Amino acid sequence: MNASLSGRKVAVFGLAKSGVAALRLLLQHGAKVTALDARSEDALGDVAKELHANGVTLVTGATPAGLLTRQDLVVVSPGVPLSLPELEVARTAGVPVWGEVELAWRVMELAPGGAPRFLGITGTNGKSTTTALTGELYARGGQRTFVGGNLGRPLAEAAMAPGDWDALVVELSSFQLEGIHELRPYGAALLNLTPDHLDRYANQGEYGSAKARIFMNQHASGDFAVVNADDAAVMTLAASARVPVYGFSVTGRPVVDAPALAGLAVMQDGGFRLEFSGEDFTLQNRALRGAHNVQNAMAATLLARLGGVSRDAVQAGLDGYPGLPHRLESVRVLDGVEWVNDSKATNVDSVLVALKAFTGDVWLIAGGKGKGAPYAPMVEAGHGKVKGVLTLGQDADALARAYANEAPVHACGTLDAAVAKARSLAAAGDTVLLSPACASYDQFKNFEDRGDTFKRLVGAL
């Protein structure tokens, strides 16, 4: 690959985390790099300093006419729409336009020994948990496992030292999948499909087509796909796969029978079963509570077992998986009360998922910067489960109105006041759940800051 990139003119469009990682990889292989970003040098800060120190040409603001057509390659960050006119002009001029993950794949594919096994995971919801869990299962199986992509570390970081890895477990967004051409997942998972990113796609069909690109380069012999057999839209897209397709199902009754499934994982009391192999797996881990996490666990288990990870390693991974921060994260049990951090739930739909994971006796801490969605579905989902609501932030009054005839509402204003009030109200057997249904920006830097603050407050009780 050095021979392919050394001395070649490559433009990197967009200098967020993935773009910077791609740029470093290109420099490692001797490319002559031009970096483009809409932000000013001052806004780029240390990134701009790093580029200048490495002889990179930095262009900020609007893209100069003809600049991209003079390149040998353009690498695009996921946040940059491929439909931009300047990118279309470059493609028309014959300049390849790749996403960061495509660049990383090409580098690794041509490295000595070829690319490590690539497990790609996409879908509207559950990608991060499934990716992290799949990585845990492969690591338990003794594989040197890179976990990243849309989750955490850009794939280009793995490509800096491809010989360090046996398996790549990569979360892939629709934006990243738009930018692939030859990237080939050994195992490809499509978890679900619901309307999303319709500010970037003309319609739901276009969004689904971007997701289905995960199957397009798989080899009929040796590769496999994992899909949600309860999701009609997913099953329709899976018809494009030219590999054995394995499904997972909560109901045990796939919504459609095309494509024909090579095997099925089905939820059962206490866990799930791989019907095609007769293997049973238990799910006792609090980090994987709720039907949505059974789906995630079934998908991860299929990716691992079909990839050769032993049954015992998979069960050990399911038992030991610590969970992702801020997603139904069990913080502590104090005097019989469990405190759960679900700060990542920044919209009503996410709270619906959270509430399904509990049978009852929940004290709900909610509020923040609202997104305009009605709270009625959340109220209905918590009927008979939510003992009381502790409100904070800008949308506290709207939440109080929504719950007025459903549950006691305690106006707390701030998170520290809500934690203190919950401590005085909750009894043994109850759960205190931070699942805000709102953005955090009225009082916190981001949802991570909000969740970390909650954990600190609960830890100090």
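The values are calculated or read from the model by the stated rules, or taken from the named source; none is laboratory data. As the structure is a computational prediction, the values presented were derived from the model and not from experiment. Quick reminder, even Gly has a Cβ in these numbers, built from the backbone with ideal geometry, and neighbours come from all protein chains shown. Note: areas computed on protein heavy atoms with side chains; ligands, DNA, RNA excluded. Shrake-Rupley method; radii C 1.70, N 1.55, O 1.52, S 1.80 Å.
Key figures
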{"item": "Qualifying residue in the stretch 441-452 (condition: in contact with a strand residue (DSSP E or B) (Cβ under 9 Å, 6 or more places away or on another chain), open to solvent by less than 50 Å² (accessible area, probe 1.4 Å) and under 16 Å from residue 372 (Cα atoms))", "result": "yes"}
{"item": "Residues of the stretch 206-217 satisfying the condition of being basic (Lys, Arg) and open to solvent by less than 10 Å² (accessible area, probe 1.4 Å)", "result": "211"}
{"item": "Selection from the stretch 152-166 of residues that are of a type in the set (A, V, I, L, M, F, W, C), open to solvent by 40 Å² or more (accessible area, probe 1.4 Å) and in contact with a Ser or Thr (Cβ under 9 Å, 6 or more places away or on another chain)", "result": "165"}
{"item": "Checklist (1) under 27 Å from residue 284 (Cα atoms); (2) touching an Asp or Glu at 6+ places or on another chain (Cβ under 9 Å); (3) modelled with pLDDT under 95 applied to residue 385, failing item", "result": "(3)"}
{"item": "Qualifying position, being open to solvent by less than 10 Å² (accessible area, probe 1.4 Å), of a type in the set (Val, Ile, Thr), farther than 22 Å from residue 226 by Cβ and not in a loop (DSSP other than H, G, I, E, B), among 101, 89, 74", "result": "74"}
{"item": "Test: residue 297 is hydrophobic (A, V, I, L, M, F, W, C) and within 20 Å of residue 187 (Cβ to Cβ)", "result": "yes"}
{"item": "Positions within the stretch 397-426 being in contact with a Ser or Thr (Cβ under 9 Å, 6 or more places away or on another chain), closer than 20 Å to residue 328 by Cα and either open to solvent by 20 Å² or more (accessible area, probe 1.4 Å) or at pLDDT below 95 (or both), in sequence order", "result": "416"}
{"item": "Residue selected from the stretch 353-368 under the condition modelled with pLDDT under 95 and not hydrophobic (A, V, I, L, M, F, W, C), by the criterion nearest to the chain's Cα centre (by Cα)", "result": "356"}
{"item": "Strands (runs of 3 or more DSSP E) completely within the stretch 218-278 that count 1 or more residues being open to solvent by 10 Å² or more (accessible area, probe 1.4 Å) and either in contact with a Ser or Thr (Cβ under 7 Å, 6 or more places away or on another chain) or of a type in the set (A, V, I, L, M) (or both)", "result": "263-268"}
{"item": "First in the stretch 274-294 and free of Cβ contacts under 8 Å to residues at least 40 places away in the same chain and closer than 17 Å to residue 319 by Cα, second anywhere and open to solvent by 30 Å² or more (accessible area, probe 1.4 Å) and assigned to a loop (DSSP other than H, G, I, E, B), Cβ under 7 Å, 6 or more apart", "result": "282/270; 283/270"}
{"item": "Of residues in the stretch 427-438 being part of a loop (DSSP other than H, G, I, E, B) and open to solvent by less than 20 Å² (accessible area, probe 1.4 Å), the one farthest from residue 395 (Cα to Cα)", "result": "430"}
{"item": "Every residue from the stretch 167-193 that is polar (S, T, N, Q) and buried (at least 24 other Cβ atoms within 10 Å of the Cβ)", "result": "174, 176"}
{"item": "When residues of the stretch 19-59 are limited to those that are surrounded by fewer than 17 Cβ atoms within 10 Å (Cβ to Cβ) and polar (S, T, N, Q), the one farthest from residue 181 (Cα to Cα)", "result": "40"}
{"item": "Selection status of residue 12, within 20 Å of residue 157 (Cβ to Cβ) and surrounded by 20 or more Cβ atoms within 10 Å (Cβ to Cβ)", "result": "yes"}
{"item": "2 or more residues farther than 22 Å from residue 305 by Cα and not small (Gly, Ala, Ser): qualifying helices (runs of 4 or more DSSP H) within the stretch 107-192", "result": "155-159, 174-178"}
{"item": "Residues of the stretch 64-109 that turn out to be modelled with pLDDT of 95 or more and of a type in the set (Ser, Thr, Tyr), as a count", "result": "2"}
{"item": "Boolean, residue 149 is buried (at least 16 other Cβ atoms within 10 Å of the Cβ) and on the phi > 0 side of the Ramachandran plot", "result": "yes"}
{"item": "Breaking point among (1) assigned to a helix (DSSP H, G or I); (2) touching a residue at least 24 places away in the same chain (Cβ under 8 Å); (3) over 23 Å from residue 357 (Cβ atoms), for residue 424", "result": "(2)"}
